[in-house]
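These notes are about the structure you will find just below.
The values are calculated or read from the model by the stated rules, or taken from the named source; none is laboratory data. Everything numeric here is computed off the predicted structure, so don't read it as measured data. With ideal geometry, Cβ positions are generated from the backbone for all residues, glycine too; neighbour counts draw on all protein chains shown. We work out accessible area using only protein heavy atoms, side chains counted, and drop any ligands, DNA or RNA first. Shrake-Rupley method; radii C 1.70, N 1.55, O 1.52, S 1.80 Å.
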Amino acid sequence: GSVGNLGATGNTFGLYFIGNDLAPKLEDKFGKENIIIDIFGGGTPKKKVASTLNRPSIRLRGWVDDINKEILNSGAFLVLTNVSGFTVGNTRILLAWSLGVPLIAHRDSALSMPEIVHGKNALLGTSADEIADLIYSVSKDSGLGGKIGRGGYETYKKYYSSEIVVPKM
């Protein structure tokens, strides 16, 4: 659900959306006992955000020893920092792509990173209903998750691997 400083601006928007809008949709769709949204990172969410995260489907995990392992064990990686008009590129997208994990993000993520293409290297939605449907689709169709994960990894290699970036720097 999130990685990094839980009180940072982008995470504040994304976490509020997860707790207030997305988690209730996912709990309805999957059942409260059948969906887990792991939140990784340090710091403290803003007070208004923290109250929305107190749900059976959300686990605040804090810092973990091996974030890559945790992400690789996930069904998908959510990036929702751009959910409310805060439009920035996000290194978390590169993390998901570098690991080949299916990326599910808000459609506005592609505004700052034009390499993001819905259905090729990410699944993009705008509303909680759309994003919940994308999560549900990936959970039920491993072929879809595999396709998106492979597409993300290929995009990462083409545009962001050290072999490409370092010579440009």
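For the structure I just gave you, tell me whether residue 101 is modelled with pLDDT of 95 or more, under 25 Å from residue 151 (Cα atoms) and within 14 Å of the chain's Cα centre (by Cα).
Taking the combined requirement at face value, the residue satisfies it.
Given the conditions (1) under 17 Å from residue 15 (Cβ atoms); (2) open to solvent by 40 Å² or more (accessible area, probe 1.4 Å); (3) in contact (Cβ under 8 Å) with a residue 24 or more places away in the chain, and given that residue 85 satisfies all but one, which numbered condition is not satisfied?
Just one mismatch for residue 85, condition (3).
Quick check on the stretch 114-146: of everything there that is small (Gly, Ala, Ser) and not in a helix (DSSP H, G or I), which residue is nearest to residue 21 (Cα to Cα)?
Going through the stretch 114-146, the residues small (Gly, Ala, Ser) turn out to be 119, 122, 125, 127-128, 132, 137, 139, 142-143, 145-146.
Those still in the list that are not in a helix (DSSP H, G or I) too: 119, 122, 125, 127.
Numbers: 119: 23, 122: 21, 125: 13, 127: 9 Å.
Only one residue tops the list, namely 127.
Taking into account only those residues within the stretch 140-163 that are among the small types (Gly, Ala, Ser) and over 14 Å from the mean Cα position of the chain (by Cα), which is most open to solvent (accessible area, probe 1.4 Å)?
By that ranking, first place goes to 142.
Which one is most open to solvent (accessible area, probe 1.4 Å), of the residues in the stretch 97-118 that are under 17 Å from residue 154 (Cβ atoms), touching a Gly at 6+ places or on another chain (Cβ under 6 Å) and free of Cβ contacts under 8 Å to residues at least 60 places away in the same chain?
If we take residues in the stretch 97-118 being under 17 Å from residue 154 (Cβ atoms), touching a Gly at 6+ places or on another chain (Cβ under 6 Å) and free of Cβ contacts under 8 Å to residues at least 60 places away in the same chain, then 100 is most open to solvent (accessible area, probe 1.4 Å).
Can you report the number of residues in the stretch 28-42 which are loosely packed, with under 13 Cβ neighbours inside 10 Å and of a type in the set (Gly, Ala, Ser)?
Of the residues in the stretch 28-42, 2 are loosely packed, with under 13 Cβ neighbours inside 10 Å and of a type in the set (Gly, Ala, Ser).
Would a scan of the stretch 59-70 turn up a residue that is farther than 24 Å from residue 144 by Cβ and basic (Lys, Arg)?
Scanning the stretch 59-70 turns up at least one residue that is farther than 24 Å from residue 144 by Cβ and basic (Lys, Arg).
Would you mind telling me which numbered condition in (1) buried (at least 16 other Cβ atoms within 10 Å of the Cβ); (2) under 15 Å from the mean Cα position of the chain (by Cα); (3) at pLDDT 90 or above; (4) not hydrophobic (A, V, I, L, M, F, W, C) residue 68 fails?
(1)
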